[in-house]
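Below is one structure; the comments refer to it alone.
The values are calculated or read from the model by the stated rules, or taken from the named source; none is laboratory data. Nothing here was measured: the structure is a model prediction, and the numbers come from that model. Cβ placement follows ideal geometry from the backbone for every residue including glycine, while neighbour counts extend to all protein chains displayed. The area values use the complete protein model at the heavy-atom level, side chains included, leaving out ligands, DNA and RNA. Shrake-Rupley method; radii C 1.70, N 1.55, O 1.52, S 1.80 Å.
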Amino acid sequence: MTTLRVDRRLRLLSCLVAALTSVAGCHSTPPDFYSGYVEADYVRLASPLGGTLAHLFVQRGQQVAAGAPAFALEQESEQAARRQAQAQLQRAHSALANLQKGRRPDELAVIDAQLAQGEAALKLSQAELARQTRLQASNFVAPARVDEARAALAKDGARVRELQAQKRVAKLGARSDEIGAAADEVKAAEAELAQADWRLAQKAVKLPLAAQVDDVLYREGEMVQAGAPVLTLLAPEHVRARFFVPQAQLGALAIGQDVTLSCDGCKAPIAAKISFIARDAEYTSPLIYSKENRATLVFMVEARSATEAARQLHPGQPLEVRLAGAPAPRP
């Protein structure tokens with residue numbers, strides 16, 4: 001009876017030692033896979049301007065193409081501002097063109113007529129001076145008459161030169177400073193029109209990339225604040241796998257390393273590459289690091305797959321991540 005009890009105790013002790021040995025072996029051997037899940041970065045589509053949501057062109061769950069219309073806010077104010085800016089630009093162009101060209105043909109005709117009168121008066125003054133000079137030489141008139149004729153000639157000559165100068169000025173545009181100021185007004189009007197066009201374009205938002213509409217946050221007729229997201233988009237290139245690795249196996253990982261992702265319902269493992277390894281541990285013990293405490297440290301690692309393969313993954317979905325060369329999961 002005593003011998004039987006001793007044998008039972010020996011067998012129980014041997015089983016306990018074997019169990020402890022297997023546990024210790026599990027801690028020293030890297031696991032076949034790391035548990036993780038699917039994470040994603042969402043694109044929140046908004047307008048920098050506020051307004052009433054006038055048109056919504058997509059719905060939740062829809063696959064959309066890049067460049068397609070997403071939504072449009074009311075645009076009456078922006079359209080009126082654009083028409084005003086366009087009218088100001090046309091007025092600035094007209095003012096500049098008016099300064100760059102001379103006077104109208106009728107105004108030039110008036111100057112030509114005045115010039116013709118001045119030239120006729122000048123010829124008469126020249127003839128009168130010659131006549132008075134001959135008469136004074138024969139002592140028929142006093143020298144004062146000659147002086148008067150000479151003064152009249154000088155006056156008529158000055159008048160002709162004045163009209164000739166007016167004609168040259170009339171054919172020219174405005175002064176360079178005035179033309180430069182008018183050109184600056186044109187540039188300012190062009191900038192105002194460009195700003196009006198930009199504000200108008202911001203009220204009609206297009207999809208920046210091909211994605212799936214994850215959620216619609218506003219409905220037509222609701223007031224949207226400036227910068228408030230109207231849609232959230234999920235693009236396959238923004239989907240990634242996230243898993244956690246114990247610090248003992250961290251040194252075996254590197255950026256660009258191949259891994260495979262397995263999930264429930266996936267037809268085949270999905271190839272991916274490690275794209276990020278966290279520098280800081282997700283869990284840090286407050287005690288001084290010992291061999292026991294180091295075992296509690298895990299580091300976050302992320303991996304990305306090709307765009308087409310990422311379409312099979314859904315945010316929050318559990319994953320099994322295996323390093324390249326690790327045995328495939330059992331069916």
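Can you tell me how many residues within the range 62-109 are in a loop (DSSP other than H, G, I, E, B), more than 21 Å from the chain's Cα centre (by Cα) and either closer than 16 Å to L49 by Cβ or of a type in the set (G, A, S) (or both)? Break it down into steps so the answer makes sense when it comes.
Residues of the range 62-109 in a loop (DSSP other than H, G, I, E, B): 62, 65-68, 74-75, 101-104.
With more than 21 Å from the chain's Cα centre (by Cα) added as a condition, the list becomes 62, 74, 101-104.
After this cut, where a residue has to be either closer than 16 Å to L49 by Cβ or of a type in the set (G, A, S) (or both) as well, the list is 74, 102.
The number of residues fulfilling the criteria is 2.
I'd like to check something: does the range 102-116 contain any residue that is open to solvent by less than 50 Å² (accessible area, probe 1.4 Å), touching a helix residue (DSSP H, G or I) at 6+ places or on another chain (Cβ under 6 Å) and modelled with pLDDT of 90 or more?
no
Quick one: G67 ticks every box in (1) in contact with a Pro (Cβ under 8 Å, 6 or more places away or on another chain); (2) loosely packed, with under 13 Cβ neighbours inside 10 Å; (3) over 28 Å from I270 (Cβ atoms) bar one, so which box is it?
Every listed condition holds for G67 apart from (1).
Could you please give the count of residues in the range 43-64 that are touching a Pro at 6+ places or on another chain (Cβ under 9 Å) and among the charged types (D, E, K, R)? First the steps, then the outcome.
Step one: of the range 43-64, the residues touching a Pro at 6+ places or on another chain (Cβ under 9 Å) are 43-46, 55, 57-58.
Pick out the ones that are also among the charged types (D, E, K, R) and you get 44.
Number of matching residues: 1.
Name every residue in the range 228-238 that is modelled with pLDDT under 95 and either open to solvent by 40 Å² or more (accessible area, probe 1.4 Å) or over 23 Å from the mean Cα position of the chain (by Cα) (or both), in order of residue number.
E237, H238
Scan the range 243-259 and tell me whether some residue there is open to solvent by 20 Å² or more (accessible area, probe 1.4 Å), under 30 Å from V64 (Cβ atoms), assigned to a loop (DSSP other than H, G, I, E, B) and modelled with pLDDT under 90.
no
I need the full set of residues from the range 149-187 which are closer than 27 Å to Q90 by Cα, among the aliphatic types (A, V, I, L, M) and in contact with a helix residue (DSSP H, G or I) (Cβ under 8 Å, 6 or more places away or on another chain), in order please.
So in the range 149-187, the residues closer than 27 Å to Q90 by Cα come out as 169-187.
Checking the rest, the ones that are also among the aliphatic types (A, V, I, L, M) come to 169-170, 172, 174, 179, 181-183, 186.
Within the range 149-187, A170, A174, I179, A182, A183, V186 meet the criteria.
Confirm whether A142 is over 22 Å from G227 (Cβ atoms) and surrounded by fewer than 17 Cβ atoms within 10 Å (Cβ to Cβ).
On the way: over 22 Å from G227 (Cβ atoms): yes; surrounded by fewer than 17 Cβ atoms within 10 Å (Cβ to Cβ): yes.
For A142, the condition - over 22 Å from G227 (Cβ atoms) and surrounded by fewer than 17 Cβ atoms within 10 Å (Cβ to Cβ) - is met.
Which of the residues belonging to the range 147-202 are within 30 Å of Q84 (Cα to Cα), open to solvent by less than 50 Å² (accessible area, probe 1.4 Å) and assigned to a helix (DSSP H, G or I)?
Going through the range 147-202, the residues within 30 Å of Q84 (Cα to Cα) turn out to be 173-202.
From what's left, open to solvent by less than 50 Å² (accessible area, probe 1.4 Å): 173-174, 179-180, 182-183, 186, 188-189, 193, 196, 200, 202.
The answer is I179, G180, A182, A183, V186, A188, A189, L193, A196, L200, Q202.
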